[in-house]
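To start, the structure under review is shown below, and the notes come after it.
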Amino acid sequence: MSSVAIVMTRSEWMTILALSRPDDLDRHWAEFAPVPSFSWIRSPETGAVMVRGRANRGGALFGLGEMTVTRCSLAIEGGVVGLAYVAGRDRRHAAIAAMLDAVLQTTGEAHARAITVLADLQDRIRRRRERTAAAADATKVEFFMQVREES
C-alpha cells in the first residue's frame, strides 16, 4: 500500500479516478471482487460543460469552449454515495470511478483493495506525465542572443 494514497482527500482521489485511462480501471475492476451491491442515484449520462479560462492566470474569466463530460452517482450498501465526472463519453469509466469513490469512503477489506488500486493508478498517471514531459523536453530549442559591442 502507498502511504501517499492513504492521506489523500476525496477531491484528490476523484481526480486520479477521472484522469485514469479506462483500460487501467477495467483491468483493476475485473480483479475487484466481491463487488458491493449498489443502486443508481443518477445512471451515467453524457452532456457538455463550459470550460472557462483566465488570461495570464490573473485576468478576467472567459468562456474557452465546451467539453463533453459523463457523470453518474450511486449508493452502495450502507448509504455511502459515490460520484464521478469524467471527460468524454465513456459511461463504464464513470460507473467504475463512482463505485471506487464510494468504496474509498468506507472501511474494511474493499477499502484496502481500493487504496491499492488508487496507488497504482496514481503511479501510472505520474509515469505518463513524465513521458509526456520528456517528449516535450526533447523538442526544446535553446535561443540565445549575441550582443554586438558598439565602438
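Coordinate-derived values only; no laboratory data. Small disclaimer: the values here were computed from a predicted structure and weren't measured. We place every Cβ from the backbone using ideal geometry, glycine too, and count neighbours over all the protein chains shown.
So, counting K/R as plus one and D/E as minus one, what does the shell of residues with Cβ under 13 Å around residue 99 add up to?
Once positives and negatives cancel, what remains is 0.
Taking the Cα centre of the stretch 36-119 as the origin and placing charges on Cβ (Lys, Arg +1; Asp, Glu -1), which of 67, 82, 114 is farthest toward the positive end of the dipole?
Value: 67.
If amide H atoms are built 1.01 Å from N in the plane of the peptide, which residues on other chains or at least 5 residues away come under 5 Å of the amide H of residue 90?
Excluding prolines and chain starts, which carry no amide H, there are no hits.
Would you please name the GluC sites (Glu not before Pro) within the stretch 15-67 that are DSSP coil residues with at most 15 other C-beta atoms within 10 Å of their C-beta?
Passing sites in the stretch 15-67 are 31.
For the pair residue 12 and residue 134, what calculated FRET efficiency results from E = 1/(1 + (r/R0)^6), where r is the Cβ-Cβ distance and R0 = 35 Å, to the nearest 0.05?
Once rounded, the FRET efficiency stands at 0.90.
Using a Gaussian network model of the chain whose springs link C-alpha atoms within less than 10 Å, name the residue from 59, 79, 47 with the highest mean-square fluctuation.
59
How much of the calculated P(r) for the chain lies past 27 Å, in percent of all Cα pairs?
The share of Cα pairs beyond 27 Å in the chain comes to 38 percent.
Enumerate by residue number the chymotrypsin sites (Phe, Trp or Tyr not before Pro) in the stretch 60-151 meeting two conditions: DSSP loop (anything except H, G, I, E, B), and at most 11 other Cβ atoms within 10 Å of the site's Cβ.
Within the stretch 60-151, the qualifying chymotrypsin sites (Phe, Trp or Tyr not before Pro) (loop, at most 11 other Cβ atoms within 10 Å) are 143, 144.
If Lys and Arg each add +1 and Asp and Glu each add -1, what is the summed charge of the other residues whose beta carbon sits under 15 Å from the beta carbon of residue 60?
Value of the local net charge: +3.
If the only charges are +1 at each Lys and Arg Cβ and -1 at each Asp and Glu Cβ, what is the size of the charge dipole of the chain around the Cα centre, to the nearest 20 debye?
280
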